[in-house]
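These notes are about the structure you will find just below.
The values are calculated or read from the model by the stated rules, or taken from the named source; none is laboratory data. Note that this is a predicted model, so its numbers are computed, not measured. Counting neighbours? That spans all protein chains shown, and the Cβs are built from the backbone with ideal geometry, glycine included. Surface accessibility is based on the protein's heavy atoms, side chains included, excluding ligands, DNA and RNA. Shrake-Rupley method; radii C 1.70, N 1.55, O 1.52, S 1.80 Å.
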Amino acid sequence: MTTLGVRAIAAQALAQVALGGESLRLVLPKASAGLADPRDRALLAAILFDASRWYLRLDVLLDRLLAKPLRKRDPELHCLLIAGLTQIRYLNLPSHAAVAETVNAARELRRTQFAGLVNAILRRYLREREALEIALDADPLTRSSHPRWLVERLQHDWPQQLPEILDGNNTPAPLWLRVNRRRTTVTDLGERLRAQGIEATPHPLCIDALLLAQSTDVTRLPGFVEGEFSVQDGAAQLAADLLALQPGQRVLDACAAPGGKTAHICERADVSVLALDKEAARLPRMHENLRRLGLTAELRAADAAATADWWDGVPFQRILLDAPCSASGIIRRQPDIKLHRRATDIATLVSEQKRLLDALWPLLASGGRFLYATCSILQAENEQQIAGFLARTPNARNIAFAADNSALENWGMATPSGRQNFPGQNGMDGFFYAILEKVA
Ligand SMILES: C[S@@+](CC[C@H](N)C(=O)[O-])C[C@H]1O[C@@H](n2cnc3c(N)ncnc32)[C@H](O)[C@@H]1O
């Protein structure tokens, strides 16, 4: 058996993601497992992220370079060429090395008869690069490398913000840490990281956050094993603030896995947390994270909307519904969302969010607070969802953000019932929050 190099592995993995419908989050660790050298693993990740981010553009480019498309006839060879173009165009690797290594990978993949074709296509790109790129930039879809349905939807929802949103989606996200205040402080951990030459800066809107200038393997940072921090985007870190937790409260985290917000709630206040997720397979990892962080919550596998199956009848003072959504706000972190999400998914997600909202609202104590969150930037899942809920729920009232924390007054953009952050705005993911209160 021949051992495959990083480019050949990238071609196979990209074919699974871009043409096989598999998630990059799941494919990458399996693909990396065969690579011993950390530099190879880093290169593989860089190729796969950029190739997914720019796939819809590079796919059109490749069709212009090839006499006959390869994607159906030979998905791995098609993806090997996409990976080669990614290395030249986006990773800025020396072109002679990128071409030679891609030709070599064709041989490793037993496509020796296509080695000449791979060489010719990549060299033609290098020769005609400028004209080809100008032509790709002329079309808004290929320029931004987004699917048509999503651009049309964003154009409809956010005509003025569209260019900024598309740019934000195509700009890799920074690495955000959430400091576990039960174990250390932002100042102390920041100092220890900087002493190791790692640039780590606090953020004015996120009191538990440290932003790292460079992506790194966080499990090797000081304090990880000791549970001093977790990885969590700044937008997600605001949930614990917006819940305005008080000691002794009963808190429901209705859609909790992988548990980032559950853990933050437990770090912040002495509350009793019930965390549900309908995917039982995701709970062991939540248990493991809570153990590392030294936290306790009750975890249960359940459909949160089927309240008769799990609710004991005692109301919650706080409910967090971090609803299943299109994830259109986190494309910068999960660029394969562009390839996998379909226009038809949105109506299904909207009705599931509505079902969860209506089923969970009766469980909130009078005077209690309900935080609705999505990592979406689509109005149907956010503003329109909450406007509809408020219209049919007489004992629900909307609370302004600045009520508890004036620093958040200008976070994102105000909508009639919540606030919308766009991808990259404040350095954070695209996210929506609405704070609702139950009136007597
Ligand atoms: C946006 S993610 C939650 C992220 C999580 N709150 C965090 O901060 O780590 C949505 C979660 O909702 C779960 N989910 C979807 N529908 C559900 C339902 N009807 N009941 C319970 N969980 C559900 C999914 O399995 C997924 O883990």
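Answer yes or no: is there a residue in region 274-282 that is more than 10 Å from the ligand (Cβ to nearest atom), open to solvent by 20 Å² or more (accessible area, probe 1.4 Å), within 23 Å of the chain's Cα centre (by Cα) and closer than 18 Å to Gln232 by Cα. No: region 274-282 contains no residue that is more than 10 Å from the ligand (Cβ to nearest atom), open to solvent by 20 Å² or more (accessible area, probe 1.4 Å), within 23 Å of the chain's Cα centre (by Cα) and closer than 18 Å to Gln232 by Cα. Listed by first and then second residue, the pairs with beta-carbon distance under 7 Å, at least 6 apart or on different chains, first residue in region 169-187 and touching a residue at least 24 places away in the same chain (Cβ under 8 Å), second among the basic types (Lys, Arg), are Asn169/Arg332; Asn170/Arg53; Thr171/Arg332; Pro172/Arg332; Ala173/Arg332; Ala173/Arg333. Taken as a whole, the condition of being free of Cβ contacts under 8 Å to residues at least 40 places away in the same chain and surrounded by 19 or more Cβ atoms within 10 Å (Cβ to Cβ) does not apply to Leu378.
Residues checked against (1) in contact with a Leu (Cβ under 9 Å, 6 or more places away or on another chain); (2) within 16 Å of the ligand (Cβ to nearest atom); (3) open to solvent by 20 Å² or more (accessible area, probe 1.4 Å):
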residue	(1), (2), (3)
Glu164	no, no, yes
Leu177	yes, yes, no
Ala195	no, no, yes
Thr201	yes, no, yes
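If Asn104 satisfies every condition in (1) within 18 Å of Leu4 (Cβ to Cβ); (2) modelled with pLDDT of 95 or more; (3) part of a loop (DSSP other than H, G, I, E, B) but one, which is the exception? Here Asn104 clears every test but (3).
Every condition in (1) over 21 Å from Glu409 (Cα atoms); (2) open to solvent by 30 Å² or more (accessible area, probe 1.4 Å); (3) touching a strand residue (DSSP E or B) at 6+ places or on another chain (Cβ under 7 Å) holds for Ala213 except the one numbered (3). When region 311-341 is limited to residues that are touching a residue at least 60 places away in the same chain (Cβ under 8 Å), of a type in the set (D, E, K, R) and open to solvent by 30 Å² or more (accessible area, probe 1.4 Å), the one that is nearest to the ligand (Cβ to nearest atom) turns out to be Asp322.
For region 120-163, a residue qualifies if it is more than 13 Å from Ile88 (Cβ to Cβ), touching a residue at least 24 places away in the same chain (Cβ under 8 Å) and of a type in the set (A, V, I, L, M), and the qualifying residues are Ala135, Leu136, Leu141, Leu150, Leu154. When Ser144, Ser215 are checked against the criterion of being touching a Leu at 6+ places or on another chain (Cβ under 8 Å), among the polar types (S, T, N, Q) and modelled with pLDDT of 95 or more, Ser144 stands alone in meeting it. Does region 3-21 contain at least one residue that is under 25 Å from Glu130 (Cβ atoms), in contact with a Pro (Cβ under 9 Å, 6 or more places away or on another chain), at pLDDT 95 or above and not aromatic (Phe, Trp, Tyr)? So far as region 3-21 goes, no, none of its residues is under 25 Å from Glu130 (Cβ atoms), in contact with a Pro (Cβ under 9 Å, 6 or more places away or on another chain), at pLDDT 95 or above and not aromatic (Phe, Trp, Tyr).
Scanning region 297-309 for residues that are within 10 Å of the ligand (Cβ to nearest atom) and open to solvent by less than 60 Å² (accessible area, probe 1.4 Å) returns Ala301, Ala302, Asp303, Ala304, Ala305, Ala306.
Matching residues to (1) among the small types (Gly, Ala, Ser); (2) buried (at least 17 other Cβ atoms within 10 Å of the Cβ); (3) part of a loop (DSSP other than H, G, I, E, B):
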position: Asp59; (1), (2), (3): no, yes, no
position: Arg64; (1), (2), (3): no, no, no
position: Leu70; (1), (2), (3): no, yes, yes
position: Leu80; (1), (2), (3): no, yes, no
position: Ala83; (1), (2), (3): yes, yes, no
position: Thr86; (1), (2), (3): no, yes, no
position: Ala97; (1), (2), (3): yes, no, no
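With respect to (1) more than 10 Å from the ligand (Cβ to nearest atom); (2) surrounded by 19 or more Cβ atoms within 10 Å (Cβ to Cβ), the lone exception for Leu360 is condition (1). Here is the figure for region 1-25: residues that are out of contact with any helix residue (DSSP H, G or I) (no Cβ under 9 Å at 6 or more places or on another chain) and without any contact (Cβ under 8 Å) to a residue 12 or more places away in the chain total 1. Here the condition is being at pLDDT 95 or above, of a type outside the set (A, V, I, L, M, F, W, C) and more than 14 Å from the ligand (Cβ to nearest atom); of Thr344, Thr374, Thr348, it holds for Thr344 alone. The number of residues in region 219-254 that are away from the ligand (no atom under 16 Å from the Cβ) and among the β-branched types (Val, Ile, Thr) comes to 2.
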